[in-house]
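Structure first, then comments.
The values are calculated or read from the model by the stated rules, or taken from the named source; none is laboratory data. None of the values given here were measured: they were computed from a predicted structure. Neighbour counts run over all protein chains shown; Cβ positions are idealised from the backbone, glycine included.
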There are 2 protein chains.
Amino acid sequence: MKKRIITISRQFGSGGHSIAKAAAERMGIAFYDNQLITEVARQSGLSEEFIRENEEYASHSNSFLYQLAMSTAGTYGYPSVYQKLYEAQTKVIQDIADKESCIIVGRCADYILRDREDCLHVFIHADNEHRAKRILEKYGATDKTVSQRIKDKDNRRRNYYRFHTDREWGVAANYNLALDSGVLGEELCVELICKAMEKDN
Amino acid sequence: MKKRIITISRQFGSGGHSIAKAAAERMGIAFYDNQLITEVARQSGLSEEFIRENEEYASHSNSFLYQLAMSTAGTYGYPSVYQKLYEAQTKVIQDIADKESCIIVGRCADYILRDREDCLHVFIHADNEHRAKRILEKYGATDKTVSQRIKDKDNRRRNYYRFHTDREWGVAANYNLALDSGVLGEELCVELICKAMEKDN
């Protein structure tokens, strides 16, 4: 089946956002990354600020309290605010996929859309040296070392993914295409994604 | 740096061998899969039959006896026959990589050549349905179910890889390119590998 939707999962600092944006522009299809926040806010009633802080980067996602909030949600007849957020995110992603050809970055979209045959699931990664360079260029230095920032963000994404799916983040078999942007370069990653989308059966 | 060598790791039944062979033909470079056996036999003095049975598919590789043989090798002043085989294989792969542009399939070549900047490391996988179909077409039925054969071979490769490297088999970050041959198809996999090799810096 011809693919019309791409999900892009990515390591922090791998350039996944830029690659996804460039690929969407080249293919002339919609691009969703932070744009999802407004729609999730509208549907859930949660503030954009809360969503920004608590979606996939949530520092809570590897904490005991977060896991407790998620696992007990519903038990007492009301969903936790984290569950509400994840459910709204899931609904928004499914609606977008029904509506138009697009690229969706992060937020377990690969898992949420796993049963659709019109999706190509991509993972972007790079070695720590390339990521550190990119993070400093893009976000600047902070009081934490770059390697600590890489480790923290990856752990949060890994925990968040593990919690909401029955899968391990970054396992090749979960994606149709996994690319090392450090070695291949961003431009070639965009070309390979576009090429992979050309297949029509 | 311009890449001149490709290592291809693959799940059993994913078509990795055919894809590697077709890519080598298209690029006009050497192809090493079973061809390695003759050279390893020559260098090690081990029989081709022994090598065929005990290289990466070795049923011993997940057994306690194999691990004991490997871990105690050298302790008593002599290498085990399994260690001798792995060392001969390593030497042959390094010599080939020094000598010519080529594609090398399996045998931890991605790990053995991990420090070379002129290598592209590829992983080929597919879902079980595609693999089962391919295995039956290529190797026919046996007294074991196809899903059991897939599980056994994957486990053996995973254990062998884990034993000889400090890595987990099939983790996207260990490869520059990971391809789902079931969804993309063999022809497109060949094209994507050739395209990834075009980059010259």
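Screening the candidates A:Val92, A:Val190 for the property of being modelled with pLDDT under 95 and either under 17 Å from A:Lys21 (Cβ atoms) or crowded, with 19+ Cβ neighbours inside 10 Å (or both) yields one hit, A:Val92. Comparison of B:Lys153, B:Lys144 shows that the only residue that is modelled with pLDDT under 95 and touching a Gly at 6+ places or on another chain (Cβ under 9 Å) is B:Lys153. The residue that is farthest from A:Leu188 (Cα to Cα), among those in the range A:14-55 that are in a loop (DSSP other than H, G, I, E, B) and more than 13 Å from the chain's Cα centre (by Cα), is A:Gly45. Of all residues in the range B:162-171, those satisfying the criterion of being touching a residue at least 60 places away in the same chain (Cβ under 8 Å) and more than 9 Å from chain A (Cβ to nearest Cβ) are B:Phe163, B:His164, B:Trp169.
Restricting A:Arg116, A:Arg134 to residues that are part of a loop (DSSP other than H, G, I, E, B), in contact (Cβ under 8 Å) with a residue 24 or more places away in the chain and of a type outside the set (Ser, Thr, Tyr) narrows the list to A:Arg116. Can you name the residue in the range B:172-201 that is closer than 17 Å to B:Ile112 by Cβ and outside any helix (DSSP H, G or I) and, of all such residues, is farthest from the other protein chains (Cβ to nearest Cβ)? Checked the range B:172-201; the qualifying residue farthest from the other protein chains (Cβ to nearest Cβ) is B:Tyr175. Return a yes/no flag: does the range A:140-154 have any residue that is more than 14 Å from chain B (Cβ to nearest Cβ) and among the acidic types (Asp, Glu). Yes: one or more hits.
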